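The values are calculated or read from the model by the stated rules, or taken from the named source; none is laboratory data. For clarity, every value in this text was computed on a predicted model and none was experimentally measured. Here the Cβ is made from the backbone with ideal geometry for all residues, glycine too, and neighbour counts use every protein chain on show.
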Amino acid sequence: MRARSSVGFVLGLLLLSNAWPAPAFGQERQESGVAVSWIPEKPEQGDAMVVTVEAEGSVSKVEGRFIDRDLIFFPWGEGSWKAFAPIPVGARTGERPLTVTVVSQEGGRSQSRASVALLPHDFQETELRVDPRFIKPPEEERPRIRRDRQMIREAFAVSKDERLWRLPFVRPVEGRRTSPFGTRRTFNGEIRSRHMGVDFDGRPGDPIKALTDGEVVLAHDLYYAGRSVFIDHGHHLFTVYFHLTDIEVEVGERVEAGQRIGTVGATGRVTGPHLHLGVRVQGRYVNPERFLELSLGDDPRHGRKKDVD
Ligand SMILES: [Zn+2]
């Protein structure tokens, strides 16, 4: 509690030091030519909230913070910037402060503070039965599991310092969703974990498509995830695809939205063939279904490329 009130105190001081009056809470506000907005308007636990900043004049940098992450802003057309804010599944709900600072070319700093109404998400609970070797892995598999963990850590450690992704996002498979994000799972009555992606139904051999443009950073047969593909989309946005039958891309390869990367399978810790899709933002898995539904509008860089005829 003490930490929380001291954060509020620091922000209060920053606000007092502003030349502008303290802003009222709300979704959007104009201050010294800066407007801040976000979607979803009322985000939920596990969402990737998208923060949009519109600023007039010559801007050198846009910075921000929400919950426990510094926001990585990228340009989104003239005078506009966006950033993803990954919200933990266990985040405290209620009013949460969002701060944005716009730094001008001359070095002037304009800070805005808003309050975001964070809603709870109704996460399910489920019991699953899997091969016992995924509950207590055999001794000889332990080194492999350790190597897997290291490989995954390294794959997520660095990300391209540019936006590789573009709109619209592509749904990786046709199948219906069979298991939602964030479910608390008990495997064989013993191991508890949380489902950090979403499962889609599929038959072995069905094609899997990349959600958007990016670069393959891991393509490997992992003990728990089975044959898997990890794609970096830049600025620490990653997508992961688990349990494939075949991997059809290589590490270092550039892929495009909708490009085939492999086929549905039942490799690793599964109860049957399906695709597990994970979306990871700044080190945190977010709800892929709600991510795919975000209304980001036209992509200023790629959205208007099509010929008008
Ligand atoms: Zn899954």
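Annotations for the structure displayed:
- Screening the candidates VAL198, VAL264, VAL270 for the property of being within 30 Å of PHE74 (Cβ to Cβ) and out of contact with any Cys (no Cβ under 7 Å at 6 or more places or on another chain) yields one hit, VAL198.
- Applying the condition of being at pLDDT 95 or above and in contact with a Gly (Cβ under 7 Å, 6 or more places away or on another chain) to segment 171-193 and asking which residue is nearest to the ligand (Cβ to nearest atom) yields PHE181.
- Of all residues in segment 255-303, those that are of a type in the set (Val, Ile, Thr), farther than 17 Å from TRP165 by Cβ and within 16 Å of the ligand (Cβ to nearest atom) total 4.
- Segment 73-111 - residue that is basic (Lys, Arg) and in a strand (DSSP E or B) and, of those, farthest from PRO288 (Cα to Cα): ARG109
- ALA210, sole failed condition from (1) crowded, with 20+ Cβ neighbours inside 10 Å; (2) within 13 Å of the ligand (Cβ to nearest atom): (2)
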